[in-house]
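**Q** Can you read through this structure? Questions will come right after.
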Amino acid sequence: MGTTTIIPDKITSTENKSTRAGFGSGLLQLGRLNPNVVGLTADLGGSLQMNAFRKEHPKRFFQVGVAEANMMGIAAGLTIEGKIPFTGTFANFSTGRVYDQIRQSIAYSDKNVKICASHAGLTLGEDGATHQILEDIGLMKMLPNMVVINPCDYNQTKAATISIANHLGPVYLRFGRPNVPNFTEKDVTFEIGKALHLIEGSDVSIFATGHLVWKAIQAAGILSKEGINAEVINIHTIKPLDTEAVLASVDKTGCAVTAEEHQRNGGLGDSIAQCLALNIPKPIEMVAVNDTFGESGTPDQLMKKYCLDIPDIVDATKRVITRK
């Protein structure tokens with residue numbers, strides 16, 4: 001599929017905005033562009049930033065209450081009449097709570113439902129382990145027919161939201177709660193399954209997704225001052241994986257680091273490792289949560305405690321280079 005290159009000195013952020021706000025903005029724009037787009041929420045329309053769509057298109061918005069399983073069934077039914085439903089609730093309730101309904105009513109029958117999931121990962125923060133799902137990417141990517149997307153900032157989430165309406169079939173769109181640096185280009189076209197090549201490098205390939213992309217860029221800056229030339233690639237689409245971009249990069253650098261706000265088991269790291277094992281086996285280190293639940297705390301505190309911060313990417317990079 002190839003990659004799109006962004007010149008490193010242009011990777012800057014002048015504002016912090018949440019990815020959930022990007023989803024809300026994208027959904028509002030979609031509502032104006034496509035009359036078949038409808039919104040559904042399970043009592044969390046405000047948290048999902050869906051209220052602007054709801055206000056502008058009240059007859060195309062459905063508040064189902066705290067009934068997530070019912071919401072997935074309704075969404076599947078709406079597709080039969082040509083509607084494009086966007087469901088909205090927290091990532092934990094969008095996947096773990098309704099896995100049976102997604103598997104049977106949406107994925108198995110290849111329904112055109114867009115499962116939009118906010119407050120994913122540890123950066124949900126103080127709500128604690130019961131809400132901080134770290135297994136959702138694994139759950140979703142194992143389902144046949146399901147596309148899995150995890151954008152990195154406001155602009156990319158907005159673009160992804162608009163793009164998935166044109167994809168025929170089920171999509172899992174994952175985003176988060178906190179304000180994070182907004183550094184991708186405004187109004188850029190989002191291409192499902194096409195990695196974004198952010199920084200050229202020759203010593204190591206860093207594949208990052210979601211909130212960890214910005215941290216990977218910062219880690220690359222630290223590494224460059226130590227004479228390590230890191231390549232940074234934004235894997236916003238975890239399924240289908242851009243295997244061409246992954247293999248081309250690692251064939252050049254000889255080793256890989258993955259960085260994600262997810263369990264080590266079942267996430268991006270697993271996908272990259274499988275890709276390498278089947279094609280060009282090379283050393284890999286994974287920056288991810290190591291088989292544990294989260295806890296209450298601020299996003300920054302939790303990212304540090306569970307080793308998902310900039311120094312952790314730097315350390316993983318140095319370890320993997322020694323294994324080349």
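The values are calculated or read from the model by the stated rules, or taken from the named source; none is laboratory data. Model, not experiment: these values are computed from the prediction. Methodologically, a virtual Cβ is constructed for each residue, glycine included, from the backbone with ideal geometry; neighbour enumeration extends over all protein chains shown.
**Q** Answer yes if at least one residue in the stretch 177-186 is in contact with a helix residue (DSSP H, G or I) (Cβ under 6 Å, 6 or more places away or on another chain), buried (at least 20 other Cβ atoms within 10 Å of the Cβ), basic (Lys, Arg) and closer than 28 Å to ASP312 by Cα, and no otherwise.
**A** yes
**Q** Of all residues in the stretch 274-306, which are under 29 Å from HIS131 (Cβ atoms) and either touching a strand residue (DSSP E or B) at 6+ places or on another chain (Cβ under 6 Å) or aromatic (Phe, Trp, Tyr) (or both)?
**A** Those that are under 29 Å from HIS131 (Cβ atoms) and either touching a strand residue (DSSP E or B) at 6+ places or on another chain (Cβ under 6 Å) or aromatic (Phe, Trp, Tyr) (or both): GLU285, MET286, VAL287, ALA288, VAL289, PHE293, TYR306.
**Q** On the basis of being over 21 Å from the mean Cα position of the chain (by Cα) and outside any helix (DSSP H, G or I), does LYS318 make the cut? Before you say what the answer is, go through the steps one by one.
**A** Numbers: over 21 Å from the mean Cα position of the chain (by Cα): yes; outside any helix (DSSP H, G or I): no.
Against the criterion (over 21 Å from the mean Cα position of the chain (by Cα) and outside any helix (DSSP H, G or I)), LYS318 does not qualify.
**Q** Show the residue pairs that are 6+ apart or on different chains and have beta-carbon atoms under 6 Å apart, the first residue being within the stretch 19-32 and assigned by TED's automatic domain parsing to the domain that holds GLY45 and within 9 Å of ILE162 (Cβ to Cβ), the second being among the small types (Gly, Ala, Ser) and surrounded by fewer than 22 Cβ atoms within 10 Å (Cβ to Cβ).
**A** That search, which allows pairs on different chains as well, returns LEU30/ALA165.
**Q** Restricting to the stretch 84-96, count the residues that are more than 17 Å from the chain's Cα centre (by Cα) and touching a residue at least 60 places away in the same chain (Cβ under 8 Å). Explain how you work it out, then say what you get.
**A** Within the stretch 84-96, the subset more than 17 Å from the chain's Cα centre (by Cα) is 84-85.
The next check asks that each one be touching a residue at least 60 places away in the same chain (Cβ under 8 Å); those that pass are 84.
Number satisfying all stated conditions: 1.
**Q** Which of the following residues is surrounded by fewer than 19 Cβ atoms within 10 Å (Cβ to Cβ) and of a type in the set (Ser, Thr, Tyr): THR157, THR130?
**A** Every option except THR130 fails the conditions.
**Q** I'd like the full set of residues that are outside any loop (DSSP other than H, G, I, E, B) and surrounded by fewer than 21 Cβ atoms within 10 Å (Cβ to Cβ), limited to the stretch 133-146.
**A** GLY138, LEU139, LYS141
**Q** Among SER13, SER94, SER105, which is the only one that is under 23 Å from ILE235 (Cα atoms) and buried (at least 18 other Cβ atoms within 10 Å of the Cβ)?
**A** Details: SER13 fails: buried (at least 18 other Cβ atoms within 10 Å of the Cβ); SER105 fails: under 23 Å from ILE235 (Cα atoms).
Among SER13, SER94, SER105, only SER94 is under 23 Å from ILE235 (Cα atoms) and buried (at least 18 other Cβ atoms within 10 Å of the Cβ).
**Q** Another question about this same structure. Could you say which residue among GLY128, GLY169 is over 21 Å from VAL38 (Cα atoms), among the small types (Gly, Ala, Ser), in a loop (DSSP other than H, G, I, E, B) and not assigned by TED's automatic domain parsing to the domain that holds LEU212? Spell out how you get there, then give the answer.
**A** Numbers: GLY169 fails: over 21 Å from VAL38 (Cα atoms).
Just one listed residue meets the conditions, GLY128.
**Q** Just name the residue that is surrounded by the most Cβ atoms within 10 Å (Cβ to Cβ) out of those in the stretch 30-87 that are among the charged types (D, E, K, R) and within 17 Å of VAL98 (Cβ to Cβ).
**A** Going through the qualifying residues, I end up with GLU68.
**Q** Moving to a separate point now. Given (1) more than 19 Å from the chain's Cα centre (by Cα); (2) surrounded by fewer than 18 Cβ atoms within 10 Å (Cβ to Cβ); (3) of a type in the set (Ser, Thr, Tyr), identify the lone condition not met by TYR99.
**A** The single condition TYR99 does not satisfy is (1).
**Q** Something else: What residue, of GLY210, GLY269, GLY227, is modelled with pLDDT of 95 or more, within 19 Å of CYS307 (Cα to Cα), among the small types (Gly, Ala, Ser) and assigned to a loop (DSSP other than H, G, I, E, B)? Give the derivation first.
**A** On the way: GLY269 fails: assigned to a loop (DSSP other than H, G, I, E, B); GLY227 fails: within 19 Å of CYS307 (Cα to Cα).
Just a single option satisfies the conditions, and that option is GLY210.
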